[in-house]
1. Yes or no: ASP327 part of a loop (DSSP other than H, G, I, E, B), free of Cβ contacts under 8 Å to residues at least 12 places away in the same chain and over 30 Å from TYR169 (Cβ atoms)?
2. Take SER39 and decide whether it is at pLDDT below 90 and either crowded, with 18+ Cβ neighbours inside 10 Å or more than 23 Å from the chain's Cα centre (by Cα) (or both).
3. Yes or no: LYS80 modelled with pLDDT under 95 and either surrounded by fewer than 16 Cβ atoms within 10 Å (Cβ to Cβ) or touching a strand residue (DSSP E or B) at 6+ places or on another chain (Cβ under 9 Å) (or both)?
4. Does SER160 qualify as being modelled with pLDDT of 95 or more, within 22 Å of GLU419 (Cβ to Cβ) and hydroxyl-bearing (Ser, Thr, Tyr)?
5. Yes or no: the stretch 240-248 includes at least one residue that is touching a residue at least 60 places away in the same chain (Cβ under 8 Å) and surrounded by 15 or more Cβ atoms within 10 Å (Cβ to Cβ).
6. For LEU185, are the conditions met, namely being closer than 25 Å to HIS256 by Cβ, touching a residue at least 60 places away in the same chain (Cβ under 8 Å) and in contact with a Ser or Thr (Cβ under 8 Å, 6 or more places away or on another chain)?
7. Could you name every one of the strands (runs of 3 or more DSSP E) located completely within the stretch 130-186 that has at least 2 residues being among the hydroxyl-bearing types (Ser, Thr, Tyr)?
Amino acid sequence: MLFIGHTKFSVYTPTSGAWRATNGSKFRSEEEYRAYLFSGLRLDPRIDILINFSLPQLALAAKNHQIVHLLSYSELLPRKYEQLLIDASDKYEFIQLNKQRLGTGWKTAEQIAPDLLLTSEHPQQPFGIYRLDDDDILPADYFDQISPYVKEEFVGMQVSLGTGVSAIYKDGQFYNARKTYHPMLSIGYTSIHKMNGNGEISKFPVSAHNLADRKYPVILDSRRLGYLWTRHTQQDTALGLLETDESSLNEALKRHMDRHPAVHDLDELFSSFPILENKITAAGSPKSTREEMITKSTELDHLGLRLKPKRVGGRVKVTVTMTCSIDSVPRNALLKFIFVNKDGRRIDPKTLDQYFENQPISRSGNARVGWFRYLSTRPGKNKTVIDVTLPPNVCIGVVSVTKWVRNETRISINSISVESISE
């Protein structure tokens, strides 16, 4: 079974209207666009992701499958990056380089398909064409997931793997990992084709990937992770943001991504993306750590939920998401803290008054409550984030959630995370 992929590594298309970098909304001249396109600031993260993550993952996925991956680049690409692409093509036999000459287009998967099929045992077999940007990554079982749909009855359809992971990339690390659901996302989007007896490849009507189902049928399979959508400040999408400095851009990306739940099933993540082990975290910065305290939604009963996180100190962010029934009322649950020293011994709550005076937690006069924060419990979905800085040699020993006003209402805890923040 044949799969043909295509990645365009900074091809030179100054008149294209498809991207913010080329549609005139960002750069005033072709010279400005060219300087941006081939700058080290833009190319360095892309070549690192492509060479060290995307292609090794593609090699894992290619086992037991016939794949050809077309890698197009401009003749204007600085020599050091071109050499890295050449080295990659020497390492991975499935790569076919395509150097784009000035004033010409690039090869397409449809153009190289006939020769590949005519030299195969079954020239008229259905085959798949997929797309992959230079800074995105496919799972190790990508072709296994797509293969069941590369059949005669699905020719003329596209396949979308709707569930995946999105994470911010910086200096060899991925962080702020979120589990996402994006049907018809361009990453790994596969069209099912066939060549007829005249050597012609079946074609699809032109359509934006997110509107494809208006033009032809799209098969949606979201049972397993289907992509890793990398986010970074040098992407075309980042050009549309109002923020300009890197720190502000990163914060804007995180605000956009935090609509999605944090990745908590690391076994699932590393099974799909083994190359990312020790290279990715759900924490909000590369140096921070984040612990997901529960792995599935838990309904809160009269006993509450008591959890012991790993001991972390300094600046700590605790995030709680929950779903409350229609009869719930505000402040219907408490998040309670027990603080301990480095040896694990419980600290008298009263001794911490001066440290938490201007922080978003309070100490109750009820000794059974201690330090706490009311949780948002309006009907429907709620999210509460508590960001505190602990005194020296103090750690969170226990976090617990209990109902407070109306025990008869239903509250489901969807997630609780404890993140140690390192700036």
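1. No: the conditions fail for ASP327.
2. Spelling it out, it is not the case that SER39 is at pLDDT below 90 and either crowded, with 18+ Cβ neighbours inside 10 Å or more than 23 Å from the chain's Cα centre (by Cα) (or both).
3. Here the answer is no, as LYS80 does not meet what is asked.
4. no
5. No, there is no match, as no residue in the stretch 240-248 is touching a residue at least 60 places away in the same chain (Cβ under 8 Å) and surrounded by 15 or more Cβ atoms within 10 Å (Cβ to Cβ).
6. Answer is no for this residue.
7. Ranges flagged: 163-170, 173-181.
Residue by residue, here is whether (1) surrounded by fewer than 17 Cβ atoms within 10 Å (Cβ to Cβ); (2) among the small types (Gly, Ala, Ser); (3) within 15 Å of the chain's Cα centre (by Cα) holds:
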| residue | (1), (2), (3) |
| --- | --- |
| LEU269 | no, no, yes |
| SER272 | no, yes, yes |
| ALA283 | no, yes, yes |
| SER288 | no, yes, no |
| GLU291 | yes, no, no |
| GLU299 | yes, no, no |
| LEU307 | yes, no, no |
| LYS310 | yes, no, no |
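The values are calculated or read from the model by the stated rules, or taken from the named source; none is laboratory data. Remember, predicted model here, so these are calculated numbers, not experimental data. Using ideal geometry, Cβ is built from the backbone for each residue, glycine included, and neighbour counts are taken over all protein chains shown.
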